Amino acid sequence: MKIEPKAVKVREVFESYVDNGDDGVFAYGGKLAVRPAYQREFVYNQEQSEAVIHTVLNGFPLNVMYWVKVGNDSYEVLDGQQRTLSVMQYLKHKFPITLDDKKYYWDALPDDKYNAIMNYEFMVYICEGTESEKLDWFKVVNIAGEKLSDQELRNSVYTGEWLSDAKRHFSKRNCAAKGLSDKYITGDPNRQELLEKALKGICEYQNIKDITEYMAIHKSDKDADELWQYFQDVIHWVEKIFPKYYKDMKGLDWCHLYNEYHSNTYNSSEISQEVKRLHEDEDVQKPKGIYEYLLCKDKDPFAERLLSLRAFDKRDKMAAYSRQNGICPICKQHFEFDEMEGDHIKPWSKGGHTVQDNCQMLCKDCNGKKSDKY
């Protein structure tokens, strides 16, 4: 891994500065991508941006910036985007600063103030190396200012057409993935959280070890259609199986549930009725578990654990223990109260409820052997 410190004057960075919106922000004679595919949108407010300009005017040091060398004479900003853009946008007349209680755009500054900005030197570390070396380095540094997320660090290494297309789908507040999945999946697209969740899902689906491996495989692809199609399939499957939406559906790991259960056959009308019934069941303490329970209950005898069913209280258990004289009805042996557990006489799955008349006390061994326990 090669890391070279370099002082770069603001006037050099500002040369040929251009903001092409979704197509990127470039500077340094067109050689520097200030906002490459993996970075957040500009998020500094005016107060923060103005603070950067005052720091520059006073000659105080800004935090070190990191550029990644991506060609013979081209770079991408890994860290320092918002500081760089604050200076560039001020020089493009985007906002004023306050000096001596007066507002000054850049073209109204006294010459000495203007020259102080243009001659200010950014301290930059230029990083060059293999993909694994850069990723390891960025994880160690992780990075001055606001920390990069794991996915942003991965994106800093696996740049290219595939990543740019993935960002188009997953990495803006108004992106297609956000609009499609907002009711079901949480995550800030600007912090690459939606992209990360989609990547985790498809890695599990394809039995790929981790996200880094998937990105390395597809780095040179022309587009991210495979990932985008997978994500659409997940959401459309959810909408088909659970046609009525409930707020507690948001935040579940729907990619994982799709991977586990999408090949099974379900009756969506019956599913809807069961979702409604379970929401109304006072014994169900964890409504978010309803959906996976319905997907797996026919094959998993212990699926009820997903619902955190209400347990019998001590009063109900004491009444049952007294009624049984401490005798376990299965093994017919006597036990102390603390050696026994409350159990549904009529299983919850067959309509039994957590009420005193449906409580029996079983020894721990017999209760543990029951295949239809709550």
For the stretch 95-170 and the stretch 310-374, distance of Cα centres in Å: 63 Å
Once the Cα gyration tensor of the stretch 156-206 is diagonalised, semi-axes √(5λ) in Å: 17, 14, 9
Residue exposure sequence - Ser349, Ser263 - by fewest surrounding Cβ within 10 Å: Ser263, Ser349
Ala319/Asp298 FRET efficiency (R0 25 Å; Cβ-Cβ; nearest 0.05): 0.15
Lysine pair number, Cα distance threshold 21 Å (strictly under), the stretch 1-142, separation 8 or more or different chains: 25
Hits among lysines - C-alpha to C-alpha of Lys244 under 29 Å, sequence gap 8 or more where chains match: Lys172, Lys178, Lys183, Lys197, Lys200, Lys276, Lys286, Lys288, Lys297, Lys299, Lys350
Label-to-label distance, nm, for residues given as Lys9 and Lys288 (7 Å Cα→Cβ offset): 5.6 nm
Hypothetical label at Glu274: residues of the stretch 289-311 whose amide nitrogen lies under 18 Å (7 Å Cα-Cβ projection): 289-309
Straight-distance crosslink candidates among aspartates and glutamates, where the alpha carbon sits under 12 Å from Lys250 and sequence neighbours closer than 8 are dropped: Asp182
Volume per residue of the C-alpha convex hull in the chain, rounded to whole Å³: 202 Å³
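Every number in this text was worked out from the coordinates using simple rules, so none of it is lab data. For clarity, every value in this text was computed on a predicted model and none was experimentally measured. Counting neighbours? That spans all protein chains shown, and the Cβs are built from the backbone with ideal geometry, glycine included.
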